[in-house]
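Have a look at the structure below before the remarks.
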Amino acid sequence: MKKIILSLLVMVSSLFALNGESVYTKHCASCHKMQKPKSGLLAPPMPSVSKRLQRDIKSKENFITFVKDYIQNPSQEKGHCSPKAFNNLGTMPPVGKSLTKEERDAVALWLYENFKHPEKIKSCDINH
Ligand code: HEC
């Protein structure tokens, strides 16, 4: 019985991870790249976003709550990006409004889990 529950848990969590990543690919990757592009930066790279938010927001729960809210109601007052980033890139459009609640949950969890070891992220400029 324990084994069944365990493998179910593994299945469910990998399902979530998969789903979160596919939401990212479909709805975020056009602006948030995995690495800083050489030119034509549209948004801070996704590892930088996760790293900065993990640095500023200590708990996983608050991180996820912040992301789910921010993608629906972004604003410079709430954002953790530098004023320079807002001047150069503008404020993010509220792309999360067109996602389902499940998609928002999944992408927010993915943004946390996929970059869980911020100290290991090297190619990332946290000033943006
Ligand atoms: C049209 C381009 C665009 C798309 C698509 C986009 N973003 Fe953004 N995003 C931005 C820009 C530009 C910023 C920096 C300015 C700001 O914070 O509003 C940003 C900032 C953010 C921040 C805040 C970072 C911080 O440190 O405060 C989060 C979180 C975020 N995006 C998540 C997402 C997620 C998740 C998706 C996909 C569901 C997404 N974005 C899709 C352009 C985009």
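The numbers here are math on the coordinates, done by the rules we state, and not lab data. As the structure is a computational prediction, the values presented were derived from the model and not from experiment. Note: ideal-geometry Cβ built from the backbone for every residue, glycine included; neighbour counts use all protein chains shown.
Measuring between alpha carbons in the structure, the pairs from Lys58/Lys78; Lys26/Lys116; Lys51/Lys116; Lys26/Lys97 lying more than 19 angstrom apart are Lys26/Lys116. Indicate the gyration tensor shape class of segment 14-84 (rounded, prolate or oblate), computed on the Cα atoms with a ≥ b ≥ c the square roots of the eigenvalues: a/c under 1.5 is rounded; otherwise a/b larger than b/c is prolate and the rest oblate. Because a/c hits 1.5 or more and a/b fails to exceed b/c, segment 14-84 counts as oblate.
When Met1, Met46, Met34 are arranged by Cβ crowding within 10 Å, least crowded first, meaning fewest neighbours, the order is Met1, Met34, Met46.
As a rough guide to protection, the peptides 91-102, 49-60 ranked by mean Cβ packing within 10 Å, highest first, stand as 49-60, 91-102.
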